[in-house]
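Just below is one structure, and these are the notes that go with it.
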Amino acid sequence: MSVKRKYRAKIWVTLRPSILDPAGVAVQSGLKYLGYDNVEQLRIGKYIELLINAKDDRMANQQLNDICNRMLANPVIENYRFEIIEVESQTGAF
């Protein structure tokens, strides 16, 4: 019998600091137009939540790194970080 755990992952993907962010520049410009001229260095990113089943924390972290590197982020121009929280355990035979 093995235990399968469910994790909620919160993932943040952002452009690397050396990469120009035209969307961030446009939003910052719009804010300045609206009178918010005190906003500096605005950057746009992505936020993703997902549920993942894994044997343990190590496996969940390993799979999330793989998912981020292969699908959710472009490792050439983006950084990512994530947090995982176990939300449920299920016992069953495999």
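Let me confirm something: among V25, V13, which residue is among the β-branched types (V, I, T) and out of contact with any strand residue (DSSP E or B) (no Cβ under 6 Å at 6 or more places or on another chain)? On inspection, the qualifying residue turns out to be V25. The residues of region 1-40 that are without any contact (Cβ under 8 Å) to a residue 12 or more places away in the chain, assigned to a loop (DSSP other than H, G, I, E, B) and under 24 Å from P75 (Cα atoms), listed by number, are P17, S18, L20. Condition test on V25, is it surrounded by 10 or more Cβ atoms within 10 Å (Cβ to Cβ), among the hydrophobic types (A, V, I, L, M, F, W, C) and at pLDDT below 95? For V25, the condition - surrounded by 10 or more Cβ atoms within 10 Å (Cβ to Cβ), among the hydrophobic types (A, V, I, L, M, F, W, C) and at pLDDT below 95 - is not met. Note on region 40-53: residues that are surrounded by 13 or more Cβ atoms within 10 Å (Cβ to Cβ), farther than 15 Å from W12 by Cα and either in contact with an Asp or Glu (Cβ under 7 Å, 6 or more places away or on another chain) or not polar (S, T, N, Q) (or both) amount to 2. The set of residues from region 44-83 being in a strand (DSSP E or B) and either under 17 Å from I19 (Cβ atoms) or of a type in the set (K, R) (or both) comprises G45, K46, E78, N79, Y80, R81.
The values are calculated or read from the model by the stated rules, or taken from the named source; none is laboratory data. Since the model is a prediction, treat every value here as computed from it, not as a measurement. Cβ atoms come from the backbone with ideal geometry, glycine included; neighbour counts cover every protein chain shown.
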